Number of protein chains: 2
Amino acid sequence: MPTFRAPLRDMKFVFDEVLDAYPVLQAIPAHADFTADLGEAILDEAAKLAENVLAPLNSSGDKQGCSYDAKTHSVKTPEGFAAAYDQFAGGGWTALACSTEFGGQGLPHVLNMMVEEMVCSANLSLGMYPGLTHGAINALTQHGTRELQERFLPNLISGQWTGTMCLTEPQCGTDLGLIRTRAEPQADGSYAITGTKIWITGGEHDLVDNIVHLVLAKLPEAPDSVKGISLFVVPKVLESGARNPAFCGGLEHKMGIKGSSTCVMNFEGAQGWLVGAPNEGLRCMFTMMNSARLMVGLQGLGIAEAAYQISFGFARERLQSRSLSGPRAADKPADPITVHPDVRRNLLRQKVMIEGGRALAYFTGVQVDVAHGHEDASVRQQADDLVQLLTPVVKAFLTDEGFSCANDGLQVMGGSGFTEDWGIEQLVRDVRITRIYEGTNGIQALDLVGRKLGLGGGRAVRTFFALVETWLRANPSSPHVAAVGKALQQLQRATVWVASEGMKDPEQAGAAATPYLRLFALTSLAWMWARMAAVASAQLVQGSTEKSFYSAKLKSADFFMARILLENDTLLAEVLAGKATLMAFEDDEFAA
Amino acid sequence: MPTFRAPLRDMKFVFDEVLDAYPVLQAIPAHADFTADLGEAILDEAAKLAENVLAPLNSSGDKQGCSYDAKTHSVKTPEGFAAAYDQFAGGGWTALACSTEFGGQGLPHVLNMMVEEMVCSANLSLGMYPGLTHGAINALTQHGTRELQERFLPNLISGQWTGTMCLTEPQCGTDLGLIRTRAEPQADGSYAITGTKIWITGGEHDLVDNIVHLVLAKLPEAPDSVKGISLFVVPKVLESGARNPAFCGGLEHKMGIKGSSTCVMNFEGAQGWLVGAPNEGLRCMFTMMNSARLMVGLQGLGIAEAAYQISFGFARERLQSRSLSGPRAADKPADPITVHPDVRRNLLRQKVMIEGGRALAYFTGVQVDVAHGHEDASVRQQADDLVQLLTPVVKAFLTDEGFSCANDGLQVMGGSGFTEDWGIEQLVRDVRITRIYEGTNGIQALDLVGRKLGLGGGRAVRTFFALVETWLRANPSSPHVAAVGKALQQLQRATVWVASEGMKDPEQAGAAATPYLRLFALTSLAWMWARMAAVASAQLVQGSTEKSFYSAKLKSADFFMARILLENDTLLAEVLAGKATLMAFEDDEFAA
């Protein structure tokens, strides 16, 4: 079985050297004391937890899965998960970025994202139990009354309880206007919640004693659309100690994340309390959803990193055939397959997507903290614009690439990769869901073109373009400035097209959405790679002793520009191709 | 569970209307009587078998898998497989394209490929048992002595026995020069075979009484390279009725094709007989391998077809949100998701890859028969050149797309696709291996640039280009002639680059191989789509009553040219990018 090693050196490179994140965070009052020493000490500890506690349970958790007992409506998680969760919660990891008011540590959100990356590299299934809790914490923090906060937040933040997000019903996934779960007002001010929710991650399990469900439901006579949805908090166990009738009715059998319980939840007049204003549930739900979307992007990144480690580890040891330019390991019966150009292409594609994706994700993560806590409202606004704009990009691109990288890794390993022995086929199966949940990647693309481009009349996207242009002007002699400039022009041309054509006809924006998001992502990565190359180049000039590390960054940037960024041409052309050939089909012609 | 319907109408369209295959085959003496009536009757029967016998066992076969009994070295296949196999063999399907001399039906190979496509749509795992037998039949037919043929072929052809291909060993997959299995000459002219083979499909199972292994091994003092490999036939049960010591030592646990037994095979001095000349095993092996590679391409196609049927069937029923151009199903709570541009993009991408891939595969299949049986040696040679050239393209592209289509289908279905309920996640897992076995797709790409482009000094590729050019000149007013012409020029430019740079430095060809193969495939599909559009256009002009069928072809061709063929620009650019950025990395820089 593979051994995961947290990529601490690369995390530090991105966070500290490229993004210069410590001073940026220290400028936020709440993080004035967040030093590099502290940050690195925390990451070191998280790495140990991920490597030594979570990773060893990943394969066994997949094989055992979760099991359901219909008599007691209970769910058993795989062996070792409960003890590992206790270590996770006991170590304070659930509380890391939570408000100090309710027992959290108040550390930066971006630090939590970095921890999440390592956790998901090690064990996505296990990481989802505390992961989903954050949605509940966010919703209660931002929309709950003081009373509800006091009742639920301390135990959620400490990890003594976990949380869920109960949105989907059999007849509605993407279209929440179709929700049927009802909330009947009760005399005591609470509500009786009745309905069935599906695909509820961590809806029932044996890690903790209480589970706090955040549930979308309809008040009597609410409008028949998304404007008629309200949010409720529904604990599994009431304060009285009584069992609330919110029962798990069964588990989904899934392609992957088998250690994570995915539940059907039956609310049978369960007692709940309104969170936020009546009929404002959609807005509250997006509070849960947006930070969850960023976290799902990190899941994709984490799995890609784990897959790269396995496939490169295999490739450097696997001896097959000779290098085309003459034997490299003449003392052995064949050369390691890393000598073959096509294998290198495969490995390097993973490497630059992972490291470039990490830079983009952490860049966005730093903006999350600035948006939350900077003293200057205009700085907060600009950071929030960037977070809004980049969240669908990070979610969709990093999960698409998480899947591609895991598959590329499997391919490098040939038949070995297809067997269960190496753990990479599990990564392919596990990461597959990240392209779907918290809004499919198609929905992310529609969010980008339909909502985010128009944010503040285009303010968010102009802010992003200005940042890139400013950097390019400030670094005229840096490597790859011309390539990034060209990519940016392509993205700008696509943006103008989507904005103007989409205004006239939203189906044009819909037809362009997926290639547009990818064009946005690759252009962003090109900028990140140029920034990384600039830092590496300076380090080498200054005679850094980490020569391989920095020269690898320069070569990776070269590879990205020479062989990956080429895709932009095709993506721009597809955006400009318009909707005509998509919409021409009649229903019966699809089947013909 | 999904219901598979064989795409008989589209198969007939490609085979009969586009390729005009019946007269082409009738010009071959052995197939003079192969009429459309006969061909279609056979395909109808195969469709019934696939739909009613094989498909119902696909999901249960995946869930049960194969089990191994170490005491008896025996393997139990999933429930129902043995009875279904009996129907398959009893119906004469194993014998379809085999030589009449030993009990085969002598029908065209392309017909067998079409049957294989349906079988693999229905149940890839079950289809693999008879599928692999063909490799053994081909090797014995072409290289075995008359005595060996008489001893083994009748029972292999009738399906009473099955066959295997035993190539891989723990230390060698791609690089067969590293084989260690030994063959010791015995006094009676046979050989004692000793060694361990892995990943042997159908190495042991309970479908038939005898299994005939074709085994690569080394004679004493054979050269220490691929020039020192010989091929042997090693039956599980000897003529005397004695058990030959060729034992299954265990099963692989795999991501997919769980109903197909993948065995470790231990040969413990098993009795075998030489097939072909000593040290000519590699050449004999390629006889098995080449037709197997085409068949693997058909597997990818078959799975893609099944996935499209499931995902389109889901999408037309799944109601979520409203069309961006106004409600389509106003009487329902929402519109079917097929109204959304991004869902259409996803479905249509599958559709054009499948139907275009089918045309390319059948085109190649017809050439197989011409190459085998035409009276004119120069016609045979040209057809064989095309088969050689297109085999790696069909294998790699159709399996890459089989995987992409299955994933696109899963994505259309959102969370439902990720559950086991719809059967599409199984298709994703099953088809994943097709990109690996019978030579990974990277190896196919190297075969194309390294062997096939150079065939006869470039004769094969010139033949292919001339065919396309002739068609373009003959159909100047046909739809998409300009687009195909442009694509062909891109392919020709890439070909000249690969040939000339690869001559100077084989690593340049290696670096270009994968994008070059895909450029070749998309260009070939563009040609196929132009041909299909030409036929459809003529039918509509002539007032065909199948208006939806033919108009769908025209619209699919439009979609392919407008949105899929765009990728050629990026692929050509990647070919021309050269090896520099790939080869620049030092070993320690991959890990840095």
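Since every read-out is calculated from the coordinates, none of them should be taken as a lab result. Quick caveat, the model's predicted, so the values are computed rather than measured. FYI the Cβ positions are ideal-geometry reconstructions off the backbone, even for glycines, and counts take in every protein chain you see.
State, to one decimal in nm and shortest first, how far the label point of A:ALA580 sits from each corresponding label point in the other identical copies (label point: 7 angstrom along Cα-to-Cβ).
4.0
Quickly estimate the mean residue ellipticity at 222 nm for the protein assembly as shown, helices only: each DSSP H run with n ≥ 4 gives -39500 (n - 2.57), and the total goes over all residues, rounded to 500. Don't skip to the end; give the middle numbers.
Working: 40 runs with 649 residues, N = 1184.
The helix-only estimate for the protein assembly as shown comes to -18000 deg cm²/dmol at 222 nm.
So how tilted is helix A:81-90 from the main axis of chain A? Cα-based, degrees 0 to 90, rounded to 10.
90
For A:ALA32, which inter-copy label distances result when the label point lies 7 Å beyond Cα on the Cα-to-Cβ vector, reported in nm to one decimal and in ascending order?
10.0
Between A:ALA36 and B:ALA591, what is the spin-label point distance in nm, taking each point 7 Å from the Cα along the Cα→C-beta axis?
2.6
Quick one: grab the alpha carbon gyration tensor of the range B:440-580, order the square roots of its eigenvalues as a ≥ b ≥ c, and give me rounded if a/c is under 1.5, else prolate or oblate depending on whether a/b is larger than b/c. Mind showing how you got there, number by number?
On the way: a/c = 2.74, a/b = 2.17, b/c = 1.26.
The shape class here is prolate.
Can you classify the range A:17-66 as rounded, prolate or oblate using the Cα gyration tensor, where a ≥ b ≥ c are the square roots of its eigenvalues, rounded means a/c under 1.5, and otherwise it's prolate if a/b beats b/c and oblate if not? Walk me through the numbers on the way to the answer.
Values: a/c = 3.51, a/b = 3.18, b/c = 1.10.
Prolate, because a/c is 1.5 or more and a/b exceeds b/c.
Specify whether the C-alpha gyration tensor of the range A:163-280 places it in the rounded, prolate or oblate class, a ≥ b ≥ c being the square roots of the eigenvalues: rounded for a/c under 1.5, otherwise prolate if a/b is larger than b/c and oblate if not.
On the way: a/c = 2.24, a/b = 1.21, b/c = 1.85.
Here the range A:163-280 falls in the oblate category.
Distances from B:ASP224 to the same position in the other copies: list them in nm, one decimal, shortest first, using label points 7 Å from Cα along Cα→Cβ.
Nearest to farthest, the other copies are at 8.1 nm.
Report, in degrees rounded to the nearest 10, the 0 to 90 angle that the Cα long axis of helix B:459-474 makes with the longest principal axis of chain B.
Helix B:459-474 and the main axis of chain B meet at about 30 degrees.
Starting from the Cα of A:ASP421, step 7 Å toward the Cβ, then list every residue of the range B:68-88 with an amide N under 13 Å from that point.
No residue passes the distance filter.
Considering only C-alpha atoms, what is the centroid distance from the range A:440-475 to the range B:421-448, in Å?
That distance is 37 Å.
Modelled label-to-label distance, A:SER378 and A:GLN489, 7 Å Cα→beta-carbon offset: nm?
3.1
Return the Rg/Rh ratio of the protein assembly as shown with Cα-based radii and a Kirkwood Rh. Write down the numbers at each step before the final one.
Details: Rg = 30.2 Å, Rh = 31.2 Å.
Rounded to two decimals, Rg/Rh equals 0.97.
What number results when the radius of gyration of the range A:8-155, computed over Cα atoms, is divided by 2.2 N^0.38 Å? Provide the component values of the computation, followed by the final result.
On the way: Rg = 17.1 Å, N = 148, 2.2 N^0.38 = 14.7 Å.
It is 1.17.
Using the Kirkwood radius over Cα pairs, work out the Stokes-Einstein diffusion coefficient for the range A:457-524 at 25 °C and 0.890 mPa s, in µm²/s as a whole number. Numbers along the way, then the final one.
Numbers: Rh = 12.8 Å.
Estimated via Stokes-Einstein, D reaches 192 µm²/s.
What average count of beta carbons from other chains do you get within 10 Å of the Cβ of residues in A:420-426?
Numbers: counts 4, 3, 0, 0, 1, 7, 1.
Taking all residues of A:420-426 together, the mean is 2.
What net charge do the residues around B:ALA334 carry, taking every other residue with its C-beta under 12 Å from that of B:ALA334, with Lys and Arg at +1 and Asp and Glu at -1? Write down the numbers at each step before the final one.
On the way: positive: B:ARG318, B:ARG322, B:ARG328, B:LYS332; negative: A:ASP175, A:ASP224, B:GLU317, B:ASP331, B:ASP335.
Taking every other residue near B:ALA334 into account, the sum is -1.
Using r as the Cβ-Cβ distance of A:ALA70 and B:LEU8, and R0 as 35 Å, what FRET efficiency do you calculate, to the nearest 0.05?
On the way: r = 44 Å, r/R0 = 1.25.
After rounding, the FRET efficiency stands at 0.20.
Using alpha carbons only, how many degrees (0 to 90, rounded to 10) separate the axis of helix B:146-158 from the longest principal axis of chain B?
50
So what are the ³J(HN,Hα) numbers for the range B:510-517, from phi and the Karplus equation (6.51, -1.76, 1.60; θ = phi - 60°), rounded to whole Hz, Gly and Pro as x?
x, 5, 8, 3, 5, x, 5, 4
Roughly speaking, what % of Cα-Cα pairs in chain A are separated by over 37 Å, rounded to a whole number? All intermediate terms of the calculation are to be shown ahead of the outcome.
Details: 59021 of 174936 pairs.
The proportion of pairs with Cα distances above 37 Å equals 34 percent.
So, in nm, how far is label A:ALA482 from label B:GLU268 when the simple model puts each one 7 Å beyond its Cα toward the Cβ?
That separation, rounded to one decimal, is 6.8 nm.
Whole Å is fine, so just give me how far the alpha carbon centre of the range A:179-210 lies from that of the range B:327-394.
49
Specify the inter-centroid distance of the range A:104-144 and the range B:479-523, based on alpha-carbon positions, in whole Å.
Centre-to-centre (Cα) distance: 48 Å.
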